Structure formats: C-alpha cells, structure tokens
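**Q** Quick one: the structure is below, questions incoming.
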Amino acid sequence: MVRLKAIVAAGLVLSISLVGCLEKKDKNPPLLNIAVDGEMGEDGWYVGSVSITMNATDNESGIKEIKYRINGDFWKDYVMPIRLNRDGFYFLEFYAKDGKGNEVHKNMSIKIDATSPSINFSNFEPGYIYFRGMKMITPRIPRDTMVIGNFVVEVSASDALSGIKKVEFYLGKGKAYEDDEAPFQWTIERAFGIYNVTAVAFDHAGNYAEVCIEEVQFINL
C-alpha cells in the first residue's frame, strides 16, 4: 500500500514523500523448458525408451507448480523425469504456474517403435528343387536347395506400428533388388553358382529383420 505525505507551507507544496512500499506486479508467465532424450530412428520415430525432463523458472514470484499429462489422462505433479518405455503414440501436455497464477502451456507428440518387423519367405524354403518355379523334392546332390530357371522369390513382411518401408533382396553379399510395395517380390532371371539368398525388411522407424537360405545352387543362364 502506498500513501502520499505532503508538507504544505503558505499554500505551497514544499515536498511530497512516499510512505510504505510499491507492490511488485508479476504479469509474465514462467519460462518452461522441455528436454527429450532418446535414440532417434527414422521419420521422426524413436527406437527405444524416451526420457522427458521439465524445467520451469520465474524470477519474479517463483514457481508454484509444474504438471503434465499423457494422452489426456489426469494431470500429475512433475517430480522426476518422465519415462516412456513402451511402443506407441504419445501426446504429452505440460504447464507451469507461478506464484501470481500466470501459466505457460506446452505440448508435444512422441512416437516409439523399438520392435523389429517380421519377415518370412512365402514360397521358398530350403531342401527343395525349384524347377522353373515348380517346387520339387531334391535328391540333395550337390546341394540341399537348387533353383533351375527363372524364379520369383516372395516374402511376407509386416510391422504392427510404423509399417513396412521396404524389403531388400540379396544374392550373396550384393543387393540385387528392392521392393517398397506388397507383395514383396524379386524375380531371379540370371544366376549361376552357389549363393546365400537373403531378404531384409525395414520399417519406417529404421528397425529391420532378415531371413536367409544358405548355399542355394542356381542354374539359370
């Protein structure tokens, strides 16, 4: 509370003094910083657990409370870093309030996919001869698995969260083909010799899984 005290002499105001103190007004919201720590994959996906740290400051009336909530749940007091350990989509809301009731609000979205996709050959397995696409029992001479003539290798690949981005096919150590649409297929038109046949599925987060049939003999000139 402020009171004015005036000294008056002969009808003139000689001096004015302030009695009491000025009340400081805080109309500014606090500063709220959010830090996210986690391994980032591709396309904005995290590929492991995520830790979120909140820090609020107010140099005028101080911080009264800091709260957060996840996916519209109840508001919780922030006391330690927030841990997100499971795959999924998260919408996080944060706010901080100072001693005068000023608030600051923030939000963010986080998506986590730490699980590798699944992949299997649909029409190709060891221990058989594939003669121009027809599956036959092999006499196991000279190898368990043989491909004679043209052959279309097909794989089934799936990912429950971020989805399949592409499948790469390898003949030996070299990448022979890439397919980004199901059904994931590779037509082997010319090959001669003994090679491992490998298919690798990648999801949109950057996780991958592979399937391989070793030492396949190819006779296709």
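**Q** Which of the following values of volume of the Cα convex hull per residue in Å³ was calculated from the structure shown: (i) 135; (ii) 116; (iii) 174?
**A** (iii)
**Q** If r is the Cβ-Cβ distance from Met134 to Ser49 and R0 is 41 Å, what FRET efficiency results, to the nearest 0.05?
**A** It comes to 0.25.
**Q** Another question about this same structure. Net charge near Lys76: determine it from the other residues with C-beta under 12 Å of the C-beta of Lys76, scoring Lys and Arg +1 and Asp and Glu -1.
**A** Summing Lys and Arg as +1 and Asp and Glu as -1 gives -2.
**Q** With θ taken as phi - 60° and the coefficients 6.51, -1.76 and 1.60, list the Karplus ³J(HN,Hα) couplings across the stretch 110-120 in order, rounded to whole Hz; mark glycine and proline as x.
**A** 9, 10, 10, 9, 9, 9, 6, x, 9, 8, 8
**Q** A further question on this structure: Specify the residue with the greatest mean-square fluctuation among Ile188, Ile137, Ile34, computed from a Gaussian network of the chain linking alpha-carbon atoms under 10 Å apart.
**A** For the chain, modelled as a Gaussian network with Cα springs under 10 Å, the answer is Ile137.
**Q** Over what distance in Å are the Cα centres of the stretch 152-195 and the stretch 46-86 separated?
**A** One Cα centre to the other: 43 Å.
Values quoted throughout were computed directly from the atomic coordinates according to the rules given, and no laboratory measurement underlies them. Note that the coordinates shown come from a computational prediction; the quantities given were computed from them, not determined experimentally. Quick reminder, even Gly has a Cβ in these numbers, built from the backbone with ideal geometry, and neighbours come from all protein chains shown.
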